[in-house]
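Have a look at the structure below before the remarks.
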Amino acid sequence: LVAGESPSTQGLPSHPRLFFDRTELAAIQARSTSAKLSPVRDRLIARATALLTASPLLVSTTARGEADPPGTLKGLEAARRLQGRVATFAMAFLLNGDRRFRDAAVAQLDFAITSWPIWVDTAHDPPYDLMAGEMSLTFGIAYDWLYSSLTDAEKTRLREGVERRAIQPYLQATTGSKPMWWYSADHNWNTVTNGGAAVLALALRGDSTYSDQVLRLAVPGMLPYWNNLGNDGGWEEGTGYWTYGHRYAFMAADALRRAGYDEGR
């Protein structure tokens, strides 16, 4: 593999593949029943069960500083809660096979595609921002973890929906004569936007015609972030944003490493 070159899609690993493969998943499932980890597994299943009856996440379109209609959330907050719900449902399904959790994860994703009025927080400029980056990662994880249980119709519906609402806006924001400022930023915005897009593109490789184009942009786009880190791993944004930026940076890097990209090592 030449540095900076996309690995071939021939012989693409089956799902799941972003953070663990089938063999590793079987080991996770077995270890989750151990005396040490079963309490954690039980809490996860209890959380997923409670979320089955949670109210839908409704997104407000009011501007920053303005009150939100009752029962609604600002866009970025809604995206973060959705990620928590979907990841919880998906992992609960992987651990115990309860189809209710799989169905709930798909329903949450479908609702975000069809019923959320925005995927860009009203505090930010369209077409792509932190909210869209977080949504991208959420859909990437769900598509990868649930892939073998999804029907062909569900795969098509989720792929086309996230292409329309996240991938195409990402490409619009990063191509042309003047990409959006965050594309080459050296702080948390970089990895949430580029990293989220990269994880989604890796999950959709082999299914989406946009994946390789996104990866050709997102992978080198994260270099300013990595190059800005000091020898001790710290930088000027402080611990809160260090955690936020690195969360997306490390997930993207690990998924890229597993996919064969030198930039993930």
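The values are calculated or read from the model by the stated rules, or taken from the named source; none is laboratory data. For clarity, every value in this text was computed on a predicted model and none was experimentally measured. Virtual Cβ from ideal backbone geometry, glycine too; neighbours counted across all protein chains shown. SASA here: full protein model, heavy atoms, side chains in, ligands and nucleic acids out. Shrake-Rupley method; radii C 1.70, N 1.55, O 1.52, S 1.80 Å.
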Inter-probe distance in nm under a simple model that places probes 7 Å from Cα toward Cβ, at R265 and Q29: 3.2
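Would you work out what percent of the accessible area of region 183-251, with all protein chains in place, is carbon or sulfur (probe 1.4 Å)? Can you show the working numbers first?
Values: 1510 of 2840 Å².
Roughly 53 percent, rounded to a whole number.
State whether region 1-151 is rounded, prolate or oblate according to the following rule on the C-alpha gyration tensor (a ≥ b ≥ c being the square roots of its eigenvalues): a/c under 1.5 gives rounded; otherwise a/b larger than b/c gives prolate, and the remaining case gives oblate. Each step should come with its number before you reach the end.
Numbers: a/c = 2.32, a/b = 1.29, b/c = 1.80.
Here region 1-151 falls in the oblate category.
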FRET efficiency, D103 to E66 (Cβ-Cβ, R0 30 Å, nearest 0.05): 0.25
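On the accessible surface of region 22-178, probed at 1.4 Å, how many percent belong to carbon and sulfur atoms?
Numbers: 3950 of 7370 Å².
The nonpolar share, carbon plus sulfur, comes to 54 percent.
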Per-residue ³J(HN,Hα) for region 113-126, Karplus 6.51 cos²θ - 1.76 cosθ + 1.60, θ = phi - 60°, Hz, x for Gly and Pro: 5, 8, 10, 6, x, 9, 10, 10, 4, 5, 7, 10, 7, x
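Which value in deg cm²/dmol, rounded to the nearest 500, describes the helix-derived mean residue ellipticity at 222 nm for the chain, given -39,500 (n - 2.57) per DSSP H run of n ≥ 4 and division by the residue count? Kindly include the intermediate steps, with their values, before the conclusion.
Values: 11 runs with 144 residues, N = 265.
Here the helix-only value at 222 nm equals -17500 deg cm²/dmol.
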Accessible area of W242 in the full protein assembly, 1.4 Å probe (Å², nearest 10): 100
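At a threshold of 8 angstrom on Cα-Cα distance, excluding pairs fewer than six apart, so keeping six or more, what relative contact order does region 100-171 reach in percent? Intermediate values should be presented prior to the final figure.
Details: 39 pairs, mean separation 27.5, N = 72.
Normalised by residue count, the contact order of region 100-171 is 38 percent.
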Surface accessible to a 1.4 Å probe, per residue, for the residues of the chain, Å²: 46
Principal semi-axes in Å for the chain [√(5λ), Cα gyration tensor, largest first]: 27, 24, 19
For V59, distant residues with modelled amide H under 5 Å away: L73
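I need the chymotrypsin sites (Phe, Trp or Tyr not before Pro) found in region 56-147, filtered to DSSP loop residues with at most 14 other beta carbons within 10 Å of theirs.
Taking region 56-147 and a limit of 14 other Cβ atoms within 10 Å, no loop chymotrypsin sites (Phe, Trp or Tyr not before Pro) are found.
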Coil-residue trypsin sites (Lys or Arg not before Pro) of region 48-155, DSSP, other Cβ within 10 Å capped at 10: R64
